[in-house]
Amino acid sequence: MTFIVSLSRMAGILGACLLAATGAMLTYEVIARYFFLKPTIWAAELSQLCLIWGCLLAMGWVLSLRQHITVNAVTNLLPPAAQRICVLLSLCVIIAFSVVVTIWGWDIFHESFVRGRTTGSLLNLPAWVAELSVPVGFALLTAQALVELIRLRTTHVASLGSSHE
Amino acid sequence: MTILAILAILFALLLIGVPVAFALGGLGLGMLVFGGFSPLMAPQSILSTLDGFILLAVPLFLLMSNVLLKGGVGRDLFGAVQAWVGHWPGGLAVATILSCGLFAAISGSSVATAATIGTVAIPEMVSRGYDRRFVYGLLAAGGTLGILIPPSIPMIVFGFVAEESVIALFLAGIGPGLLLVGMFVVYSMIYARVSDSYTPMPKASWSERGEASLRALPSLALALLIVVGLYSGTFTPTEASAVGFAAALVITGLVLRSLTWRGFWEAVRDSAVTTAAILLIIAGAKVFGKAIALYRIPQDISAFIAANIDGSLTFILLVSAVLLIMGLVFETLSMILIMTPVLLPAAMALGFDPIWFGIFMVIMVECALITPPVGLNLYVIQAVARVSLSQVARGVWPFLLLMLLCVAVLFAWPDLALYIPFKW
Amino acid sequence: TEKMRISLQLPLKSHLGQNLSLFEKEVEERTGGAIDVEIYDSATLYKDKEVPAAVGSGAIEAGVASLTRYVGDAPVVDVFYMPFLLNSEDKVRAAVAEGSPVRTTIEAEVAKTGGQILFWQAYGGAIMLSKGGPIKTPADLKGKKVRVFGKTLGDFVTAAGGAPTLVSGSEQYLAYQRGTVDVGMTGVSGVKSRKLWEVMDTITVTNHADIEFVVVVNTDWWNGLSDEIRGHISDAARVAQDTVRDRMSEIEAEAYAAAKENGMTVVELSEDDLAQWKAVSQPVYDAYLASAGEAGKTVLDAAQQ
Ligand code: NA
Ligand code: NA
């Protein structure tokens, strides 16, 4: 369990770094385009790749931080026992969704990998490089959600998320 | 009937506290499986959502404003504006609104705007004897300017789901944004004339003004760079966000030297968390959107509206009422994501410009930000001022009315939004 | 009844949408309602670029995609984007004729994705848009930022000395208005539908690429239908395919007329201009042959005749 929690955290930190790296790449792109009139072919695509991987890697971590956006208006009014049931149900929804997405997401990755499909964009990377992020990210999320489910037996959790923008 | 059942399940899932992304995605997936469609649509939708270039602007605008936040730019902005207008009648209130407007030009989020300016303005105004209710309402409402004056994350999201130009939306937000700033300023000055509970500020000396302005200058230059860059077509929104992030690092790290390594990491971490949360909701909404499209729900609602509602005024009144009620409990992005696919086709059939409709939606979700029980800006001000929610909520209604007045002006005079992007 | 859901990026009122409605009517009449065609227009289900994967995987029975969306699976398709190769209606018609080597090879390559081409929808040639003068020769493109949509067109712009920039359809208008790019690139019908004459004043009729859309069906779904039904659908497809290709030259002529009416100058290339363009385009052909291999060579040889 602690292994999964620290794995989520490390994936999250890696994701955060990938997202910040997009800033450097795109700034470089603007400079290259306006000052040297030589747009890069890689900046837009690699930063897109960082966005995909960054977000999906961070999902489990965000869950452990209770930072997924949630409507708490009703659950805040409930007694602790009812809150616990709500959290339990919510975790079941998350796990069901994540498991399905992991499995079918793996199919998408696997097919592209076997076929050797490429993106056909300026950089023409293999399509699976982006597609692999879905099964990986949602498997991490599933694992983290299972940890939360097990922990629910011993600790009280009022809500899985917070309201933020 | 199906529509009502689906809405009932969605609301039930949301209200028992399933995170919005998974409520939308899970229900959408369930509908796909139940309707005999392939579950493959779920991962495909998630991938295609995250593959949208425009959405790269979300983490980058967040990084920009978080870096500025950690670098204490809010204090500098407020200080500078205060030095110029603080001695006016209601001067601190005017300074607060103007600072919100300026910060809005370098932040895409209303929560960040309310938190940044609120942290410095609330203690100052309360210590000068301004009525607390007025102060809290002012800050909660002023913060909403963050998503109307470009850049704006909800506009990026609207542009993404509606496949409309984000630059056009950004530029269209300027007019109504300035109008709202003007209305808030005028209201504050009138309020100050009527209530005399506060102690006016002394007029700042020219050297004080110069010093304060100098410190705020880099941030103002950044705001100008972004707006002018977008207007002139030098940057795409995504590029503007990247350049803005880089410039924010230069300003706070090298020029003002107010950003610590720790602050930088916190900015990166907070931005990542928010980005993942936001983009996952968009992906979930995409799955849901496909499911309702396969059940032909948007088409049915459009047809129903076309058959039963004649006249654009009736339509806008009805939609405003729906959005106001929905806004009591929903937050910004869920509202935009759930309602845009349903309402936009009907609106366009009635002859509304999609960009105009986007701005209308943004002002309506701004109202949602300050209506209890769920209003993010209320929560922010509550946290910053350490007071109860009801105290904050009681102060917002005059501002809510002003925002609805702004919607009315926008309806009567669409060019308020459309002039800058299309006719200038 | 069996449902045939078709995903379409464009709105139903676009000419591809109208053509799909014609196909719907033909299929439903011919099969006596045994096949129920449902069109999901305006990208409510899938965007153009998601269609190959969606149809190939069987997530939906059919979809309309720009042919170039298959370039990742089958690089051979970009023969239609080889600069100035298929720059007249006759050449295009020869290339897409049923049984032609170009069409046969491409359909065989696309079929490897799990989806197969049912019929082709003509979209017309790609042209260039500019402000304050035409783009007659590569010299006019030198140092300019040019809107492109796809890798091969990007390679072409680079070869001609310009800087390719990817701009989506919805950002096109403002990108031209604000000068994010200096030179536009689109099919001429896009000029009319997006009122691009408000922001650009010159069309250069380069026809440097030919834009084709294809209606693809999932192979497993297709093979699961009876021979009789398949025959009816194929007949309906042929009617729709011929109609849109015959109609395309009218649509283009209307678009040019509308552009002129709204103050645009329409400039044609001379033989000499064309020779200059062709001279700089060789690297694009080389890159194509390198990525499309044996099939690419077959197709290119056939198209050049
Ligand atoms: Na803003
Ligand atoms: Na609210």
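Quick notes on this one:
- Consider segment B:193-251 and keep the residues that are within 26 Å of the chain's Cα centre (by Cα) and within 18 Å of B:A95 (Cα to Cα). The one that is farthest from the other protein chains (Cβ to nearest Cβ) is B:A216.
- Listed by position, the strands (runs of 3 or more DSSP E) inside segment C:114-205 whose residues that are polar (S, T, N, Q) number at least 1 are C:115-130, C:163-166, C:184-187, C:202-205.
- Screening segment C:46-66 for residues that are facing another protein chain (nearest Cβ under 10 Å) and assigned to a helix (DSSP H, G or I) and picking the one that is farthest from the chain's Cα centre (by Cα) gives C:S57.
- Test result for C:P83, in contact with a Phe, Trp or Tyr (Cβ under 8 Å, 6 or more places away or on another chain) and either modelled with pLDDT under 90 or in a helix (DSSP H, G or I) (or both): no
- Evaluation of B:L171 against (1) closer than 17 Å to B:L402 by Cβ; (2) within 16 Å of ligand 1 (Cβ to nearest atom) (one fails), failing number: (1)
- Output for segment B:1-26, where each listed residue is in contact (Cβ under 8 Å) with a residue 12 or more places away in the chain and more than 27 Å from the chain's Cα centre (by Cα): B:T2, B:I3, B:I6, B:I9
- Test: B:F78 is more than 14 Å from ligand 1 (Cβ to nearest atom), within 11 Å of another protein chain (Cβ to nearest Cβ) and more than 23 Å from B:F158 (Cβ to Cβ): no
- Residue in segment C:208-225 that is in a loop (DSSP other than H, G, I, E, B) and surrounded by fewer than 21 Cβ atoms within 10 Å (Cβ to Cβ) present: yes
- Selection of segment B:5-38 for residues being assigned to a loop (DSSP other than H, G, I, E, B) and within 24 Å of A:L88 (Cα to Cα) yields B:I16, B:G17, B:V18, B:P19.
- Segment C:142-175: number of residues that are crowded, with 23+ Cβ neighbours inside 10 Å, farther than 26 Å from C:L10 by Cβ and touching a strand residue (DSSP E or B) at 6+ places or on another chain (Cβ under 7 Å): 2
- Any hit, segment C:103-110, residues being free of Cβ contacts under 8 Å to residues at least 24 places away in the same chain, closer than 30 Å to A:D107 by Cβ and assigned to a loop (DSSP other than H, G, I, E, B): no
- Filtering segment B:226-250 to residues that are modelled with pLDDT under 90 and surrounded by fewer than 22 Cβ atoms within 10 Å (Cβ to Cβ) leaves B:V227, B:V228, B:G229, B:Y231, B:S232, B:G233, B:T234.
- Residue among A:I69, A:I94, A:I85 that alone is of a type in the set (A, V, I, L, M) and at pLDDT below 90: A:I69
- Which listed residue, of B:L47, B:L60, is within 12 Å of another protein chain (Cβ to nearest Cβ), more than 16 Å from ligand 2 (Cβ to nearest atom), of a type outside the set (S, T, Y) and touching an Asp or Glu at 6+ places or on another chain (Cβ under 8 Å): B:L47
- Count of segment A:61-88 residues which are within 13 Å of A:A16 (Cα to Cα) and either in contact with a strand residue (DSSP E or B) (Cβ under 7 Å, 6 or more places away or on another chain) or more than 9 Å from chain B (Cβ to nearest Cβ) (or both): 1
- Count - residues of segment B:252-267 that are within 13 Å of chain A (Cβ to nearest Cβ) and either more than 19 Å from A:C17 (Cβ to Cβ) or surrounded by 22 or more Cβ atoms within 10 Å (Cβ to Cβ) (or both): 1
- Residues in segment B:86-110 that are among the aliphatic types (A, V, I, L, M) and either near ligand 1 (Cβ under 9 Å from one of its atoms) or within 14 Å of chain A (Cβ to nearest Cβ) (or both): B:A104, B:A105, B:I106.
- Residue pairs meeting the criteria (Cβ under 9 Å; at least 6 apart or on separate chains; first surrounded by fewer than 24 Cβ atoms within 10 Å (Cβ to Cβ), in segment B:37-53; second among the β-branched types (V, I, T) and not in a helix (DSSP H, G or I)): B:F37/C:I60; B:S38/C:I60; B:F53/B:T236
- B:A121 vs. criteria without any contact (Cβ under 8 Å) to a residue 40 or more places away in the chain, more than 16 Å from ligand 1 (Cβ to nearest atom) and crowded, with 24+ Cβ neighbours inside 10 Å: no
- Some residue of segment B:336-348 being under 20 Å from B:A168 (Cβ atoms) and among the polar types (S, T, N, Q): yes
- For segment C:159-184, a residue qualifies if it is hydroxyl-bearing (S, T, Y) and touching a residue at least 24 places away in the same chain (Cβ under 8 Å), and the qualifying residues are C:Y173, C:Y176, C:T180.
- Qualifying residues in segment A:32-42 (those that are at the interface with another protein chain (Cβ under 9 Å from one of its Cβ atoms) and assigned to a helix (DSSP H, G or I)) - the one surrounded by the most Cβ atoms within 10 Å (Cβ to Cβ): A:R33
The values are calculated or read from the model by the stated rules, or taken from the named source; none is laboratory data. Everything quoted here is computed from the prediction, not taken from an experiment. Glycine also receives a Cβ, built like all others from the backbone with ideal geometry; neighbour counts cover every protein chain displayed.
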